[in-house]
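Just below is one structure, and these are the notes that go with it.
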Amino acid sequence: MPVARVTNLVNTVKELKDRGLWVFGTDMNGTDYRRFDAKGPVGIIIGNEGKGISPLLKKTVDEMLTIPMIGHVQSLNASVAASLLMYQAFQSRHPLN
């Protein structure tokens, strides 16, 4: 799986979108990740556990995804959130049925 490290995420997201990728971010207020359809080329941005994704970057992505939580926990570790979203992406490309 390609991973990139860049200095300006907003510019990079714009470039990726120009190249045909759908870019998704993570936030507590977004579309339930279980509805995430990753059949085409996609990019996923995982915010940090404290501040999340910057407001400008949120405006730049195509859609925000959320992992619904119950109780006092409001977010997951970034690596755990990333693994759930990548597995959902895999599921949307390779359904069990």
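Data table
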| read-out | value |
| --- | --- |
| Residues (surrounded by 11 or more Cβ atoms within 10 Å (Cβ to Cβ) and farther than 15 Å from Leu9 by Cβ) located in the range 61-76 | Glu63, Leu65, Thr66, Ile67, Met69, Ser75, Leu76 |
| The one condition in (1) out of contact with any Gly (no Cβ under 8 Å at 6 or more places or on another chain); (2) in contact (Cβ under 8 Å) with a residue 40 or more places away in the chain; (3) among the aliphatic types (A, V, I, L, M); (4) outside any helix (DSSP H, G or I) that Leu65 fails to fulfil | (1) |
| Counted residues, the range 40-60 - those being out of contact with any helix residue (DSSP H, G or I) (no Cβ under 6 Å at 6 or more places or on another chain), part of a loop (DSSP other than H, G, I, E, B) and within 17 Å of Thr12 (Cβ to Cβ) | 4 |
| Top-ranked residue in the range 12-34 [being basic (Lys, Arg) and in a helix (DSSP H, G or I); ranked as nearest to the chain's Cα centre (by Cα)] | Arg34 |
| Test result for Asn29, within 20 Å of Gln88 (Cα to Cα) and exposed (fewer than 11 other Cβ atoms within 10 Å of the Cβ) | yes |
| Conditions (1) surrounded by 18 or more Cβ atoms within 10 Å (Cβ to Cβ); (2) under 12 Å from the mean Cα position of the chain (by Cα); (3) in a loop (DSSP other than H, G, I, E, B); number of the one not met by Asp37 | (1) |
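We did not get these values from a lab; they are worked out from the coordinates using the rules stated. Predicted model, so just to flag it, every value in this text is computed and none were measured. Note that each Cβ is placed from the backbone with ideal geometry, even for glycine, and that neighbours are counted across all protein chains shown.
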